[in-house]
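A quick write-up on the structure given underneath.
Read-outs throughout are calculated quantities, based only on the coordinates presented, and are distinct from any laboratory measurement. Here the structure is a predicted model, which is why all the values come from computation and not from measurement. All Cβ positions, glycine included, derive from the backbone under ideal geometry; neighbour counts span all protein chains shown.
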Amino acid sequence: MDLIKMTAHELKDKLESKEISSVDITKSYIDRIDKVESSVNAYITLTTTQALARAEEIDDKRAKGETLGSLAGITIGIKDNMCTKGIKTTCASKMLEDFVPPYNATVIDKLNNEGAVLLGKLNMDEFAMGSSNENSYFHKTMNPWDLTRVPGGSSGGSAAAVAANEAVFTLGSDTGGSIRQPAHYCGVVGMKPTYGTVSRYGLVAFASSLDQIGPLTKDVEDMALVLNAITGYDKLDSSSYNKKYEDFSENLKKDIKGKKVALPKEYFSDGIQPEIKEKVIDVAKKLEELGAIVEEVSMNMTDLALPAYYLISSAEASSNLARYDGVKYGYRAKNYDNLVDLYKQTRDEGFGKEVKRRIMLGTYALSSGYYDAYYKKAQQVRTLIKNEFDKVFEKYDIILTPTGPSTAFKIGEKINNPIEMYMNDICTVPINIAGVPALSMNCGFDSNNMPIGVQFISKAFNESTILQMAYAYEQNRDLPNITPQI
Amino acid sequence: MSYSDYEVVIGLEVHSELKTKTKIFCSCTTEFGGEPNTHCCPICTGMPGTLPKLNEKVVEYAIKAGLAMDCNINEFSKQDRKNYFYPDLPKAYQVSQYDLPLCYEGEIEIEVNGEMKKIRINRIHIEEDAGKLIHESGEGSIVDYNRCGVPLIEIVTEPDFRSSEDVRVFLEKLRTILLYADVSDCKMNEGSLRCDVNLSIRKKGETELGTRTEMKNMNSFNYAVKAIQYEAKRQIKVIENGDKVIQETRRWDESKGITVSMRSKEEAHDYRYFPEPDLMPIITSKERIEEIRSSLPEMPDSRVRRYVDEYKITEYDARLIAASRNMADYFEKAVIDVKNKKAVANWIITEIYSRLDEEQKEQAKIPFEPAVLTELVNLIEDGTISNSIGKKVFAECWETGKRPGEIVEEKGLKQISDDGQLQSLVKEVIDANPKAVNDYLSGKQAAIGALVGQMMKATKGKANPKMVNELLREAIGKLNN
């Protein structure tokens with residue numbers, strides 16, 4: 001029995017039938033991390049000692065017959081931009097290298113309540129800005145399918161850890177594709193729920209109006225399980241949506257007959273790797289076989305999403321990251337002449353290149369005299385994009401697209417060309433702009449045996465339809481029997 | 001050219017702290033003071049990952065203040081970030097309001113030197129206060145975040161002031177209104193009311209505004225008045241010398257009595273305002289606005305009119321009483337069962353005010369209930385005691401808290417209005433004071449006073465003075481015949 005290959009729902013069954021213990025699972029994962037972490041580098045901070053103690057505690061409770069949470073004993077990893085009380089939360093930045101939060105993010109409290117066992121904090125692009133994990137201050141994370149390639153980003157550590165079986169599932173954050181793109185590169189399931197579904201309290205902000213926490217899992221059933229644990233209204237987050245959230249596992253296995261699927265032709269343009277287009281079309285065909293109705297549609301605003309995204313996200317980031325000034329916490333420059341110099345030196349030394357690039361871009365976009373031409377215009381485009389999605393969803397249940405224009409690229413290949421790097425987000429950013437939910441899952445491999453992701457998009461608060469479609473596809477897909485290199 | 005050829009044009013931005021129990025975006029206390037950094041949490045210190053949650057009371061109080069100043073209320077309002085770096089601002093932005101403030105276009109009427117004048121309110125918006133820098137020698141500067149996130153309203157006026165006196169009267173009126181609305185303690189020494197002054201000058205008769213300077217953070221009405229007087233003269237001197245006024249921010253140096261340049265327009269911040277993405281728009285329904293309006297007490301101007309019209313007291317007296325909501329409320333309770341409302345007002349303005357300092361007046365710190373004053377006034381009105389005995393009874397009430405009727409009874413202070421009893425005393429007094437009687441008879445009207453005094457002395461002040469007067473005149477009149 002290879003515990004590390006099992007999904008959360010499989011482990012749950014075995015834990016409940018007492019075939020295995022939480023300590024068994026945790027030990028298997030610690031062994032696995034010992035074995036592969038040096039080549040994958042998914043984690044920034046490991047908490048394996050605390051994890052074992054926690055597993056023992058859960059086993060004790062189980063032995064005593066106490067009620068346990070829905071994720072009791074399941075070993076997980078968390079992207080290092082979610083605050084964990086007493087555990088370093090670095091955002092992969094020199095600026096927060098030694099930052100230990102005095103409080104837990106709401107999602108951390110929720111996972112703790114459900115009995116999840118934290119193995120560690122995962123690598124990412126600095127402050128979640130990037131598509132390759134190459135912007136981490138600490139180290140690069142490798143793609144478990146090919147260690148010379150990037151795992152994607154910014155939740156690269158979260159995707160790589162699941163693909164390399166270094167965690168049963170992980171949490172990432174997605175501002176413009178930061179969960180889905182690495183899920184696509186690493187062949188796992190990744191979902192960005194509807195904006196407002198998962199509390200952002202304790203998620204270190206990149207772009208507040210776009211950031212959303214979501215899970216990366218081994219299969220769709222696990223996705224539903226984890227979503228059940230982390231969604232819900234939180235009075236600490238004003239953007240959190242106050243409603244009763246459904247049980248995502250309940251309708252998972254429902255028939256998808258008659259569901260209407262839209263294929264927007266703008267997502268199948270020349271810029272998309274031909275093998276990706278092929279595989280996504282294959283998914284559409286499979287869904288048709290299962291009784292869904294597939295039609296081609298046009299979404300004219302698609303091209304506008306990327307520039308609007310980079311203006312809005314950078315503008316918000318320039319303000320959100322202003323607090324890192326060396327005064328209160330985090331890095332402070334050693335040498336400075338006066339207050340302004342303290343700010344300048346601290347921020348110059350504490351932030352990486354990409355973060356500085358976005359702060360400058362965002363500051364410019366918000367500056368007096370430029371606001372109307374950039375930030376305001378981008379917000380107007382945002383409304384148009386939202387309206388376009390709404391319109392498609394009047395007729396369709398799901399929009400099906402590739403998750404990204406290419407599969408995982410080589411480490412170093414795009415790091416010196418920001419524009420090319422930004423193009424990786426072309427299929428994912430419109431979803432954040434519209435605030436709707438989307439899931440990426442594996443639908444095949446390219447000629448280099450690198451995973452290809454397909455993206456299921458639905459209207460706001462319609463995660464359950466996405467999960468149903470994705471589950472139906474997962475149960476019926478024919479994938480070659482290949483596994484990660486690691 | 002002289003100073004009198006110029007006109008001063010002033011607009012104000014007044015910051016007032018709202019008296020909510022907790023801060024604007026977290027549940028920390030707003031209590032003043034406390035050891036540095038003890039009234040704060042991860043939210044108000046802007047720790048990574050924290051989010052603001054708007055305190056509903058802040059919205060309610062701000063709208064209430066707006067309604068008290070005849071403002072319109074934006075049913076759709078939002079909050080914005082004002083970005084700038086300073087160590088007392090932990091997030092490096094202040095959550096404020098930019099283009100959709102909660103309240104707009106109101107007005108406050110003031111009376112300056114007998115003339116009525118309307119000061120237009122441009123807007124009132126909500127925002128969070130910053131912390132405090134403490135500069136200690138040797139240790140460098142330290143920051144106290146206790147103030148961070150204390151809710152403020154900023155009241156922005158139109159440039160409708162033409163003198164420092166206008167400003168002083170306005171600030172006092174504004175303070176009264178805020179106290180009436182019960183939304184701020186307006187304690188200047190705790191910084192809960194402070195203002196920025198925008199000032200320019202122009203030749204009389206000109207319609208274009210001159211270049212203005214801004215003076216920041218005046219936390220005393222006196223400083224504001226002095227700073228305005230100084231700055232107006234300074235600007236006139238600049239113009240008279242053929243120079244131009246530079247648009248800049250200046251600071252009032254109280255010890256030197258001058259304003260000093262802080263930074264010019266070129267060095268001014270670009271605040272890069274944009275909508276605060278962590279907070280949802282503030283939507284207030286018409287019903288809610290009306291509900292808040294109905295929770296407002298009657299405002300001072302309206303009370304003054306009513307006191308003059310219904311209670312027949314002078315406008316001057318009415319203003320003295322209406323200056324404090326607590327005192328006005330006390331007054332209104334005390335007059336309910338009294339016919340002569342003016343008498344109640346007199347007691348308050350003379351006897352009560354002389355015993356209270358400004359703050360006590362504000363809070364109507366009176367050691368007895370309004371009903372006690374009612375009782376006292378009625379004892380005088382119905383002739384049970386005289387006015388002068390009333391003063392003694394009042395003093396006793398103030399000291400002991402006893403009821404006036406009780407004191408009168410205990411000490412036998414009832415006025416002597418018995419005709420027979422007084423008649424015999426009159427006779428005695430006339431017999432014992434022939435000089436005074438003669439003086440009176442020879443035309444010295446004032447001499448009657450001495451005789452009245454003797455009557456009072458003999459009755460320990462209890463004789464009904466009106467009757468004594470009449471009886472004395474009558475008796476002496478008879479002598480003459």
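Here are a few things to note about the model shown:
- Rounded to the nearest whole Hz, the Karplus-based 3J(HN,Hα) values (6.51 cos²θ - 1.76 cosθ + 1.60, θ = phi - 60°) of segment B:278-285 follow the sequence 7, 10, 7, x, 9, 10, 10, 6, with x at glycine and proline.
- Applied to segment B:461-470, the Karplus parametrisation 6.51 cos²θ - 1.76 cosθ + 1.60 on θ = phi - 60° returns per-residue 3J(HN,Hα) values of x, 8, 5, 5, x, 5, 5, 4, 4, 5 Hz, with x for Gly and Pro.
- Mean-position separation - Cα centroids, segment B:296-338 and segment A:401-437, in angstrom: 71 Å
- Separation of alpha-carbon centers, segment A:2-18 and segment B:407-481, rounded to whole Å: 111 Å
- When the listed pairs A:LYS14/A:LYS64; A:LYS192/B:LYS53; A:LYS94/B:LYS53 are checked against a 20 Å cut-off, the alpha-carbon distance exceeds it for A:LYS192/B:LYS53; A:LYS94/B:LYS53.
- Using Cβ point charges alone (K and R +1, D and E -1), the dipole size of chain B about the Cα centre works out to roughly 1120 debye.
- A:ASN104 long-range amide H proximity, modeled H, under 5 Å: A:LYS85
- In segment B:373-481, lysine pairs closer than 13 Å at Cα, eight or more apart or cross-chain: 13
- Remark: segment A:1-100 carries a charge dipole of roughly 200 debye about the Cα centre, counting +1 on each Lys and Arg Cβ and -1 on each Asp and Glu Cβ.
- Rounded to 0.05, the FRET efficiency of the B:LYS392 and B:ASP5 pair, given R0 = 45 Å and the Cβ-Cβ distance, is 0.15.
- Long-range HN-HN contacts of B:TYR6 with modeled amide H, under 5 Å: B:LYS204
- Given A:LYS121/A:LYS253; A:LYS243/A:LYS265; A:LYS265/A:LYS459; A:LYS5/A:LYS253, the pairs whose alpha carbons are separated by over 27 Å: A:LYS121/A:LYS253; A:LYS243/A:LYS265
- Segment B:110-216: GluC sites (Glu not before Pro) in DSSP coil with no more than 14 other Cβ atoms inside 10 Å: B:GLU139, B:GLU206, B:GLU208
- If the segment from B:SER442 to B:GLU190 were pulled out straight at 0.36 nm per residue, it would be longer than the present Cα-Cα gap by 84.1 nm.
- Cα centre as origin, Lys/Arg/Asp/Glu Cβ charges: chain A dipole, Debye: 860 debye
- Partners of A:LYS344 within straight-line reach, counting aspartates and glutamates whose Cα lies under 15 Å from its Cα and excluding those fewer than 8 residues away in the same chain: A:ASP325.
- Residue list for segment A:17-39, given a label point 7 angstrom along the Cα-to-Cβ vector of A:LEU147 and an amide N cut-off under 20 Å: A:29-39
- Separation of the B:GLU410 and A:ASP31 label points, Cα + 7 Å toward Cβ, nm: 9.3 nm
- Karplus-derived 3J(HN,Hα), 6.51/-1.76/1.60, for each residue of segment B:245-253, Hz, glycine and proline x: 6, 9, 5, 7, 9, 10, 10, 7, 9
- For the cross-link pairs B:LYS19/B:LYS132; A:LYS257/A:LYS277; A:LYS260/A:LYS410; A:LYS218/A:LYS277, the ones whose C-alpha atoms lie over 28 Å apart are A:LYS260/A:LYS410.
- Restriction of the trypsin sites (Lys or Arg not before Pro) in segment B:293-368 to DSSP coil positions whose beta-carbon has at most 16 other beta-carbons within 10 angstrom yields B:LYS312, B:LYS339, B:ARG355, B:LYS365.
- Local electrostatic count, B:THR284, Cβ distance below 11 Å [Lys/Arg +1, Asp/Glu -1]: -4
- Under-13-angstrom lysine pairs by C-alpha in segment B:236-379, whenever the two are 8 or more apart or on separate chains: 4
- Nearest-ten-degree value, helix B:325-335 long axis tilted from longest Cα axis of chain B: 30 degrees
- Average other protein chain Cβ within 10 Å of Cβ, residues A:319-330: 6
- Packing, taken as the mean count of other beta carbons within 10 Å per residue, orders the peptides B:277-288, B:254-265 from highest to lowest as B:277-288, B:254-265.
- Taking every residue in B:37-50 and counting other chain Cβ atoms within 10 Å of its Cβ, the average works out to 5.
- Ordering of A:329-338, B:400-409, B:14-23 by burial proxy (mean other Cβ atoms within 10 Å per residue, highest first): B:14-23, B:400-409, A:329-338
- Once the Cα-Cα distance is subtracted from the 0.36 nm per residue extended length, the A:GLN475 to A:ASP98 segment shows a gain of 131.3 nm.
- Calculated FRET efficiency for the pair B:SER302/B:LYS466, C-beta based, R₀ 41 Å, to 0.05: 0.65
- Candidate aspartates and glutamates - alpha carbon under 13 Å from A:LYS353, same-chain residues fewer than 8 apart omitted: A:ASP125, A:GLU126, A:GLU134
- Interchain or long-range residues, amide H under 5 Å from B:MET215's placed H: B:VAL197, B:ASN198, B:LEU199, B:ARG250
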